[in-house]
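I have placed the structure first, in the form of structure tokens, so that the comments after it can refer back to it.
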């Protein structure tokens, strides 16, 4: 490719990059995002609950909260959530869709109670899930320190660099490259979907960290790791008992 052709291609790519949402569409996107996130949170609570009556109550509650979040104006739940937390990240939306799909497929039963599938594959998938969650936790704390200018460099500003996007692509491909089985890591496909969505649209702000993390997801990572730690300790005690 000659130099003039390369410059034309780069100019065309730059024109396609900033496909940020139209400001008039942001309220609708915020409502849909919060509706999915709230429904997924209630579905996760239902999956963790061992009581069948509680799960029977939480199933319609997920739909009610989702509909309430879709109500426009100050009467909608997403209006108040948006004032405090803005718009959910792309990763939170994709993971919410994944949770809702699993809940519909398995009837909101606890995911560890499902007996199908290979045990070793599920253990490897959980291991990779914990690694991604721990990495997200570290990045979230670093971004929090960056907010208060406690870091020698601006990590958030680096999120506008193409190098950050390329590095995250390599991290998303890590389970497939190292393990040889794509099904070993449940978050890896979601991460690739988010990165591809961000690369095409630059949603929601043009910064890759805003696409991957938000306050709710950051708090959820803490809870997920605590739950996984307690579950692993419980399983370890049961194995020693046998």
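Values in this text are rule-based calculations from the coordinates and carry no lab data. This structure is a prediction, so every number in the text was calculated from the model and none was measured. Because the Cβ atoms are built from the backbone with ideal geometry, glycine has one as well, and the counts that use them run over all protein chains shown.
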Item to check | Per-pair calculated FRET efficiency, R0 = 22 Å: residue 105 and residue 68 via Cβ, rounded to 0.05 | outcome: 0.35
Checklist entry - Ranked from highest to lowest mean number of other Cβ atoms within 10 Å per residue, what is the order of the peptides 209-215, 127-133? => result 209-215, 127-133
